[in-house]
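Peer 1: First, the structure itself, so that you have it in front of you.
All of the numbers you see were taken from the coordinates with simple rules; none came from a lab. Note that this is a predicted model, so its numbers are computed, not measured. Cβ sites come from the backbone with ideal geometry, for glycine too, and all protein chains shown count toward neighbours.
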Amino acid sequence: MTIRILEALRGQRTPTLPVWFMRQAGRSLPEYQQARKDIKMLDSCLMPELAAEITLQPVRRHNVDAAIFFSDIMVPLRLAGVDVDIAPGVGPVLGSPIRSRQDVKNLPTPTFDDAGMIAEAIRLIRAELPTDKTLLGFAGAPFTLAAYMVEGRPSKDHLRARALMYSDPTTWNTLLSWCATVSNLFLRVQIEAGAQGVQLFDSWAGSLSRTAYETYVLPYSRRTLEEITVPRIHFGTYTNQFLDLMAHGFEAVGVDHRTPLDEAARLVPDTVLQGNIDPALLFAGQDALHAHALDVVRRGLAAPAHIVNLGHGVPPTTDPGVLTELVAFLHDIEIDKLTEEE
Ligand code: 1CP
């Protein structure tokens, strides 16, 4: 039996395209709302049976090729003892944002008191996941984590975080190093328990210039991967200006909808590509969605292999039926009959 995602991550083409969606588990599914009812987001991530159930829901419903572990990039912070919550309709919020040298010094030691519930959830998922599907683990990259820690909540421009980076590089480096350690631990717990591949989410790295990314961020993203032995995907948005740097040391890079995949393939010629259906097309009707998805697939032929995904996460208001139908449409494409210029 072929495991399409793992084949693709080895750079091999499969007759049927592998497909999964970022944020497939969660808000767009009524069965998720039902399962989580009165339970807080971060608490639900620490309840193994519930986290396993929510992880498996989109696989059952949509027949996607990967399960993405239901958790959050902020979970390792909570496991290390940081006062963090996920506020409904807002996102991650810190009790005390990390703004000064002293705040960074006061951070708890970057170790987990107990990550048994994470390992247990992963084992439960693997026990139920069909063997032709792949369980992907993940973690937040140090910059994206630090952006939430310094700002204290979601932000559009990450101004405070970037100001700290330039005003006090020593403190910044200590903070990123702390983030790299907790994300690395989080990845290792997932892999040891059975995650078969991992994705590093640097969702907000695109707010940096190439030079700033290379100097202040990349060394820590690389450190997050230490002793990681399964295939790795690196994702960010607005990352055209340093996609080549992001690809180094990773089997695959995720590309947002702004960069056509044939252009991305020129930037990172030997790298597997993941993406990049524009989430807006999920609301544009089936004809427009199919035409766009086919264009994405054709452009993706320029890469050694292609894992189909959205350019970013599933919007909460998405009709789940549109996703189910899209997976079937993509799986029906006979890839060897397509040509780039057709
Ligand atoms: O289906 C999946 O993708 C699995 C679960 C998952 C993942 C991979 C969740 C559940 N969060 C994440 C990663 C994550 N968390 C990222 C990287 C991916 C991305 O760029 O979308 C980021 C940036 C976060 C931070 C976060 N957590 C946000 C974004 C806030 C912002 O800055 O705009 C939000 C809204 C959360 C909460 C959250 N995480 C996950 C879910 C299902 C939710 C919503 C909780 C709810 O209200 O139901």
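Peer 1: Is one or more of the residues making up the range 154-168 more than 18 Å from residue 217 (Cα to Cα), basic (Lys, Arg), touching a helix residue (DSSP H, G or I) at 6+ places or on another chain (Cβ under 9 Å) and assigned to a loop (DSSP other than H, G, I, E, B)?
Peer 2: Yes, the range 154-168 contains at least one residue that is more than 18 Å from residue 217 (Cα to Cα), basic (Lys, Arg), touching a helix residue (DSSP H, G or I) at 6+ places or on another chain (Cβ under 9 Å) and assigned to a loop (DSSP other than H, G, I, E, B).
Peer 1: Quick check on the range 107-123. Is at least one of its residues under 23 Å from residue 188 (Cβ atoms) and touching a strand residue (DSSP E or B) at 6+ places or on another chain (Cβ under 8 Å)?
Peer 2: Among the residues of the range 107-123, at least one is under 23 Å from residue 188 (Cβ atoms) and touching a strand residue (DSSP E or B) at 6+ places or on another chain (Cβ under 8 Å), which makes the answer yes.
Peer 1: State all residues of the range 284-326 that are closer than 23 Å to residue 265 by Cα and within 16 Å of the ligand (Cβ to nearest atom); if no residue qualifies, say none.
Peer 2: Those that are closer than 23 Å to residue 265 by Cα and within 16 Å of the ligand (Cβ to nearest atom): 307, 308, 309, 310, 311, 312, 313.
Peer 1: Separate question: Working only within the range 215-229, note down all residues that are within 15 Å of the chain's Cα centre (by Cα) and either of a type in the set (Phe, Trp, Tyr) or within 16 Å of the ligand (Cβ to nearest atom) (or both).
Peer 2: 221, 224
Peer 1: Any idea which residue in the range 7-25 is nearest to the chain's Cα centre (by Cα), counting only those that are within 13 Å of the ligand (Cβ to nearest atom) and surrounded by 21 or more Cβ atoms within 10 Å (Cβ to Cβ)?
Peer 2: 22
Peer 1: I've got another one for you. It is to be established whether one or more residues within the range 58-67 are within 17 Å of the chain's Cα centre (by Cα) and in a loop (DSSP other than H, G, I, E, B).
Peer 2: yes
Peer 1: Restricting to the range 238-249, name every residue that is crowded, with 21+ Cβ neighbours inside 10 Å and either within 16 Å of the ligand (Cβ to nearest atom) or hydroxyl-bearing (Ser, Thr, Tyr) (or both).
Peer 2: 239, 246 - these are the residues of the range 238-249 that are crowded, with 21+ Cβ neighbours inside 10 Å and either within 16 Å of the ligand (Cβ to nearest atom) or hydroxyl-bearing (Ser, Thr, Tyr) (or both).
Peer 1: Can you report the number of residues in the range 104-133 which are under 17 Å from residue 51 (Cα atoms) and not in a loop (DSSP other than H, G, I, E, B)?
Peer 2: So the count comes out to 13.
Peer 1: Quick check on my filter: what residues within the range 6-52 are among the hydrophobic types (A, V, I, L, M, F, W, C), under 15 Å from residue 69 (Cα atoms) and either without any contact (Cβ under 8 Å) to a residue 40 or more places away in the chain or outside any loop (DSSP other than H, G, I, E, B) (or both)?
Peer 2: The answer is 41, 42, 45, 50, 51, 52.
Peer 1: Let me ask something else. Which residue out of 167, 155 is near the ligand (Cβ under 9 Å from one of its atoms) and free of Cβ contacts under 8 Å to residues at least 40 places away in the same chain?
Peer 2: Every option except 155 fails the conditions.
Peer 1: Could you tell me whether residue 78 is assigned to a helix (DSSP H, G or I) and closer than 25 Å to residue 234 by Cα?
Peer 2: Yes; evaluated as a whole, the condition is true for this residue.
Peer 1: If the Cβ limit is 8 Å and pairs must be 6+ apart or interchain, which residue in the range 61-89 that is without any contact (Cβ under 8 Å) to a residue 24 or more places away in the chain pairs with which residue that is more than 7 Å from the ligand (Cβ to nearest atom) and polar (S, T, N, Q)?
Peer 2: Here the result reads 83/96, each pair linking the range 61-89 to a residue that is more than 7 Å from the ligand (Cβ to nearest atom) and polar (S, T, N, Q).
Peer 1: Further question on the same structure: Here are the criteria: (1) charged (D, E, K, R); (2) surrounded by fewer than 22 Cβ atoms within 10 Å (Cβ to Cβ); (3) within 21 Å of the chain's Cα centre (by Cα). Tell me which single one residue 4 does not satisfy.
Peer 2: Going through the list (1) charged (D, E, K, R); (2) surrounded by fewer than 22 Cβ atoms within 10 Å (Cβ to Cβ); (3) within 21 Å of the chain's Cα centre (by Cα), residue 4 breaks only (2).
Peer 1: Follow-up. Only one of these is more than 27 Å from residue 113 (Cβ to Cβ) and not in a strand (DSSP E or B): 213, 220. Name it.
Peer 2: The match here is 213.
Peer 1: For the list (1) more than 28 Å from residue 257 (Cβ to Cβ); (2) touching an Asp or Glu at 6+ places or on another chain (Cβ under 9 Å), I need the number of the one condition that residue 134 fails.
Peer 2: Condition not satisfied by residue 134: (1).
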